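The structure appears right after this line, and notes come after that.
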Amino acid sequence: SQQGEEDPQALSIQEGENATMNCSYKTSINNLQWYRQNSGRGLVHLILIRSNEREKHSGRLRVTLDTSKKSSSLLITASRAADTASYFCAPSRNAGNNRKLIWGLGTSLAVNP
Amino acid sequence: SAVISQKPSRDICQRGTSLTIQCQVDSQVTMMFWYRQQPGQSLTLIATANQGSEATYESGFVIDKFPISRPNLTFSTLTVSNMSPEDSSIYLCSATGTGGHTGELFFGEGSRLTVL
């Protein structure tokens, strides 16, 4: 199975600062997704990056992927209190089956006003 | 995109009873999944709900404990049977969008079960 491991486990920053979270995985992948989970609620998809992509942007989010290091990072710029949540990466080896998404423990981000 | 409604959102249950969680998607989706998230833990896939046939269970999960139905492309139920305190968890329904299997997963808001 393919599991992403997020680092750090917890991160606390002030509003307006940037937040960087990292994800490492062990085997080759087809794509990697990032999700956000507000406390005790469902997950929300943030961004998907394919193995042939190195960087992707979506609003204040920037995701990078380094397949040689088997790692990805999620950068949230100009953070807001509403960004407080847990963030999960989900690497996938299979292009055709989301069943193979294995979830790590996530990074718990606290943005202090 | 797809909007997923799950109910109940939370419940407190007695040991030995069973509870059925419903999941309704506002559009036809290709695949639906049920996850469990125990306190402080990540998501664990329970099973893939197959339309019109038996669900596909992951290792460690069995049909007798977690019977699942999916009568059509937009609706599924998960029953947690003969509950014990160890079943206290958030149960999440998710689905792939109509864009294909590599697309994003959509999630319901979760059902938080507490078993006394």
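Key figures for this structure:
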| quantity | calculated |
| --- | --- |
| Filter pass, residue A:81 being touching a Pro at 6+ places or on another chain (Cβ under 8 Å) and either of a type in the set (Gly, Ala, Ser) or free of Cβ contacts under 8 Å to residues at least 60 places away in the same chain (or both) | yes |
| Answer residue from segment A:16-57, given it is in contact (Cβ under 8 Å) with a residue 12 or more places away in the chain, of a type outside the set (S, T, N, Q) and more than 21 Å from residue A:105 (Cα to Cα) and is farthest from the other protein chains (Cβ to nearest Cβ) among those | A:16 |
| Any hit, segment A:90-99, residues being more than 21 Å from residue B:104 (Cβ to Cβ), surrounded by fewer than 18 Cβ atoms within 10 Å (Cβ to Cβ) and not basic (Lys, Arg) | no |
| Residue under evaluation residue B:72, criteria (1) over 25 Å from residue B:28 (Cβ atoms); (2) away from chain A (no Cβ under 14 Å); (3) surrounded by fewer than 20 Cβ atoms within 10 Å (Cβ to Cβ), criterion not met | (1) |
| Selection from segment B:24-50 of residues that are among the aliphatic types (A, V, I, L, M) and outside any strand (DSSP E or B) | B:29, B:31 |
| Those residues of segment A:48-72 which are surrounded by fewer than 18 Cβ atoms within 10 Å (Cβ to Cβ) and assigned to a strand (DSSP E or B), in sequence order | A:50, A:55, A:56, A:57, A:58, A:61, A:62, A:64, A:66 |
| Count of residues meeting criterion [open to solvent by 70 Å² or more (accessible area, probe 1.4 Å), outside any loop (DSSP other than H, G, I, E, B) and more than 14 Å from every other protein chain (Cβ to nearest Cβ)] in segment B:6-21 | 1 |
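The values are calculated or read from the model by the stated rules, or taken from the named source; none is laboratory data. This one's a predicted model, so the numbers in the text were calculated from it and none came from an experiment. Methodologically, a virtual Cβ is constructed for each residue, glycine included, from the backbone with ideal geometry; neighbour enumeration extends over all protein chains shown. Heavy atoms of the whole protein, side chains included, go into the accessibility calculation; ligands, DNA and RNA do not. Shrake-Rupley method; radii C 1.70, N 1.55, O 1.52, S 1.80 Å.
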